[in-house]
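This report concerns only the one structure given below.
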Amino acid sequence: PFKPVVVEISKYGDWPLYATTYKGILPYQDKNGNWKTNKENNGMIWGWMKFTNHTGVPSGRDLLDGYVDWIKYPNTNNFYPNGFTNHDLLVSASVYNKPPPGQRVIAITNGNVVFSDGNLPGGSFTNYFFLTTNSQIQIQAPNINTQTMAIALVTGGVKGKFYHPGDSGNPIRVPLGVVLQDENIARGVFKGTNSTGSFLLQSD
């Protein structure tokens with residue numbers, strides 16, 4: 001989770017994105033050498049975004065173009081204890097419109113969901129689904145790792161869970177995902193045992 005700093009868009013479409021991340025407790029020594037703890041933001045995401053006229057071409061970059069740096073400080077939690085700095089990550093965006101009753105949120109009837117990384121044995125797994133006309137995701141047999149997934153039609157958010165075979169079969173929540181209607185897909189992330197993974201929901 002992150003907390004963005006709200007800044008207005010310039011008349012030229014430029015927008016400075018800055019968000020603090022990984023709120024936690026960090027130890028430090030005071031001037032007397034005594035160890036104490038302090039609540040700190042342990043990382044950040046920042047970069048310049050450029051809003052453009054949306055043409056409806058399925059690209060996401062027709063609406064928003066830009067790159068961000070994503071930084072995590074070391075020793076903040078069990079995930080990536082050495083920290084990381086990722087430069088020039090391409091941003092993708094999409095306008096979201098709640099579908100009318102009886103119309104799918106994205107133009108998919110039969111599709112697949114690919115889960116990758118996040119300490120998964122073999123690196124990934126894939127399930128297949130049917131998307132009903134009211135946008136319910138029905139995972140088809142054999143349903144590897146007992147996955148469930150649902151779309152919030154008001155916001156376009158995607159949540160769910162599956163049983164992680166690399167973590168003694170414990171349920172793993174998919175806490176953050178989003179429908180990208182311009183690209184006709186959904187993307188999101190999940191936590192493994194000590195590294196994160198991602199999912200891609202797409203048409204067959």
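See the values below:
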quantity: With every protein chain in place, the chain: carbon and sulfur % of accessible area (1.4 Å); calculated: 55
quantity: Gain in span if fully extended, ALA107 to THR196, counting 0.36 nm per residue against the direct Cα distance; calculated: 29.2 nm
quantity: Global geometry of region 85-151, whether rounded, prolate or oblate, following the gyration tensor of its Cα atoms and the 1.5 cut on a/c; calculated: oblate
quantity: Spin-label proximity, PHE125 to region 177-193 - amide N less than 18 Å from point 7 Å beyond Cα toward beta carbon; calculated: 188-193
quantity: Those aspartates and glutamates that a straight Cα-Cα span of less than 19 Å connects to LYS191, excepting residues fewer than 8 apart in one chain; calculated: ASP117, ASP167
quantity: Extended-chain gain in nm, criterion 0.36 nm per residue less alpha-carbon gap, ASP204 and GLU8; calculated: 66.6 nm
quantity: FRET efficiency for ILE144 and ASP88, using Cβ-Cβ distance with R0 set to 35 Å, rounded to 0.05; calculated: 0.55
quantity: Accessible surface, the chain, averaged per residue in Å² (probe 1.4 Å); calculated: 60
quantity: Relative contact order of region 59-203, pairs being alpha-carbon contacts under 8 Å that are 6 or more residues apart, as %; calculated: 23
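The values are calculated or read from the model by the stated rules, or taken from the named source; none is laboratory data. Please read all numbers here as calculations on a predicted model, not as lab measurements. Note: ideal-geometry Cβ built from the backbone for every residue, glycine included; neighbour counts use all protein chains shown. Heads up: the accessible areas ignore ligands, DNA and RNA and are worked out on the full protein's heavy atoms, side chains in. Shrake-Rupley method; radii C 1.70, N 1.55, O 1.52, S 1.80 Å.
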